[in-house]
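Colleague: Okay, handing you the structure first.
The values are calculated or read from the model by the stated rules, or taken from the named source; none is laboratory data. What you see is a predicted model, and the numbers here were worked out from it, not measured in a lab. Don't worry about glycine lacking a Cβ; one is built from the backbone with ideal geometry, like all the others, and counts go over all protein chains shown.
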């Protein structure tokens with residue numbers, strides 16, 4: 001039969017039939033424009049089976065995790081879960097192409113409709129139960145109930161995320177097929193699409209890396225550098241010579257950085273002596289070693305080693321020092337203290353972990369090493385008590401200092417580590433070696449002789465603060481604070497493929513709904529929790545303010 005397809009009419013590929021070609025629809029007397037547009041529209045729509053799996057994974061992401069999420073964050077998490085489901089279904093359909101072609105078209109259609117219908121039907125109960133679970137989760141951390149419409153808002157955000165991902169994927173596929181057609185003129189038919197896919201995906205990866213690393217991170221770095229250099233007009237330089245940036249200080253006020261200026265100007269305790277606070281910002285010295293020696297010199301200048309307690313703080317990524325940790329220690333010892341810290345970055349801890357996690361370890365080793373050397377130069381009997389503090393990313397720097405600074409474990413009296421990231425090597429080793437029968441959320445190591453874990457108010461049944469510390473033969477007392485709801489402590493890439501031990505222990509937390517681990521989905525849920533881990537009441541998530549006074553009292557009693 002004569003082919004009546006108008007000249008120039010292109011053959012179109014059906015993503016539902018793999019890479020096989022078919023003629024565009026045409027009428028009896030030529031091309032039917034309406035039918036042609038309808039066919040193109042059907043080809044552009046997502047496949048029913050893939051859409052059904054995407055809806056199932058989206059529904060599963062509405063299950064509870066560690067913390068209540070805002071509508072945008074929940075929407076992004078649900079959208080990413082839908083993208084993963086859609087991509088997985090697409091991959092499975094492609095792998096099963098030979099088998100699918102052996103099935104009757106009617107059966108293939110019924111299977112696709114069944115998956116799509118199952119996905120649609122799963123949304124209504126997921127939204128209902130998800131809202132109830134979020135209410136329970138909010139109650140467990142002392143927050144207000146989320147509004148009922150929050151789930152619908154999250155679904156709209158998720159739809160936008162899914163559509164954006166589909167548009168990017170379709171654009172990449174169009175480019176791959178266009179390039180494959182041109183390569184097929186000079187290469188074997190089987191090699192052209194493979195090479196086209198490799199070239200396009202490689203170019204995409206290089207472009208993304210160039211945009212993210214060379215442009216986006218540079219812009220973020222410049223932005224935080226500007227923020228670090230800003231001086232608040234309502235925060236003048238201290239008049240106390242016992243503070244860095246004040247009279248006789250070896251560090252200029254302008255070089256402290258925003259976090260350093262906030263630290264040295266914290267309110268002093270109402271009773272007792274004026275405390276010593278020393279700090280060196282990034283601009284105070286050329287490198288970490290010089291900065292650490294500058295901090296040690298500041299301690300000597302202020303007479304810090306004549307105080308009862310010297311506390312060395314490894315700060316978070318931005319150089320921020322938790323004011324509650326400083327002021328509670330000073331209040332406990334009536335100002336007879338000296339607190340020292342230094343800045344090693346001005347990026348948030350998350351970005352510091354991604355871009356240069358070794359820097360915090362180098363900073364901890366340099367700072368603690370410089371202070372320990374000054375401490376050892378003091379005659380025995382005249383030395384103050386030496387303690388270390390690290391919160392979040394800073395805890396990794398303290399762990400590195402204890403392991404790599406000579407004499408550190410022998411001379412340090414106490415160590416307080418708050419909200420340690422799951423990747424901390426010492427923390428990981430200790431929880432792996434915990435005593436038999438002790439839960440991961442509140443591990444017991446060697447009977448609590450020298451290392452203890454306090455889960456805070458969420459697990460009062462594991463509060464051992466009042467237990468006397470046996471005098472260890474050597475080494476400091478180490479106290480970890482780790483909330484069961486802190487995603488910083490429990491986030492790990494292994495959540496993608498392995499169920500964590502702590503998921504079964506969530507039942508220990510009063511009023512908290514159970515956490516059902518799901519491959520990939522739970523990873524995105526806990527990642528979303530980490531975004532706003534500090535936007536919860538103190539005592540939950542990554543907020544540890546209310547426990548710090550009791551922690552210092554248990555670790556370093558007067």
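Colleague: If residue 269 satisfies every condition in (1) modelled with pLDDT of 90 or more; (2) under 22 Å from residue 325 (Cα atoms) but one, which is the exception?
Modeller: Result: residue 269 passes all but (1).
Colleague: Moving to a separate point now. Out of all the residues in region 273-288, is one or more part of a loop (DSSP other than H, G, I, E, B), in contact with a helix residue (DSSP H, G or I) (Cβ under 6 Å, 6 or more places away or on another chain) and modelled with pLDDT of 95 or more?
Modeller: Just the residues of region 273-288 that are part of a loop (DSSP other than H, G, I, E, B), to begin with: 273-275, 281, 285-287.
Subsequent filtering for residues that are in contact with a helix residue (DSSP H, G or I) (Cβ under 6 Å, 6 or more places away or on another chain) retains 275, 281, 285.
Subset that is modelled with pLDDT of 95 or more: 275.
Yes, that holds for at least one residue.
Colleague: May I ask you to list the residues in region 94-117 that are over 21 Å from residue 56 (Cβ atoms) and within 42 Å of the chain's Cα centre (by Cα)?
Modeller: 97, 98, 99
Colleague: Please go through region 150-166 and give me each residue that is at pLDDT below 90 and exposed (fewer than 15 other Cβ atoms within 10 Å of the Cβ), ordered by number.
Modeller: 152
Colleague: Is region 436-444 home to any residue that is out of contact with any strand residue (DSSP E or B) (no Cβ under 7 Å at 6 or more places or on another chain), touching a residue at least 60 places away in the same chain (Cβ under 8 Å), within 24 Å of residue 502 (Cα to Cα) and buried (at least 20 other Cβ atoms within 10 Å of the Cβ)?
Modeller: Taking region 436-444 and keeping what is out of contact with any strand residue (DSSP E or B) (no Cβ under 7 Å at 6 or more places or on another chain), we get 436-437, 439-441, 444.
Narrowing the set further to residues that are touching a residue at least 60 places away in the same chain (Cβ under 8 Å) leaves 439-441.
Still in the list and also within 24 Å of residue 502 (Cα to Cα): 439-441.
Adding the requirement that they be buried (at least 20 other Cβ atoms within 10 Å of the Cβ) leaves 441.
Yes - at least one qualifying residue is present in region 436-444.
Colleague: On the given criteria, is residue 300 over 25 Å from the mean Cα position of the chain (by Cα) and outside any loop (DSSP other than H, G, I, E, B)? Outline the logic, then answer.
Modeller: Working: over 25 Å from the mean Cα position of the chain (by Cα): yes; outside any loop (DSSP other than H, G, I, E, B): yes.
Yes.
Colleague: Let me ask something else. Just give me the residues in region 333-357 being surrounded by fewer than 22 Cβ atoms within 10 Å (Cβ to Cβ) and either at pLDDT 85 or above or at positive phi (or both), in sequence order.
Modeller: Within region 333-357, 333, 334, 335, 336 meet the criteria.
Colleague: Return the residues of region 129-163 that are without any contact (Cβ under 8 Å) to a residue 24 or more places away in the chain and assigned to a helix (DSSP H, G or I); say none if nothing qualifies. Before you say what the answer is, go through the steps one by one.
Modeller: Taking region 129-163 as the starting set, the residues that turn out to be without any contact (Cβ under 8 Å) to a residue 24 or more places away in the chain are 131-132, 135, 144-145, 147-149, 163.
Hits for region 129-163 are 131, 132, 135, 163.
Colleague: Let me ask something else about it. Among 81, 63, 51, 59, which is buried (at least 18 other Cβ atoms within 10 Å of the Cβ) and assigned to a loop (DSSP other than H, G, I, E, B)? Don't jump to the end; show me each part of the working.
Modeller: Details: 81 fails: assigned to a loop (DSSP other than H, G, I, E, B); 51 fails: assigned to a loop (DSSP other than H, G, I, E, B); 59 fails: assigned to a loop (DSSP other than H, G, I, E, B).
Just one listed residue meets the conditions, 63.
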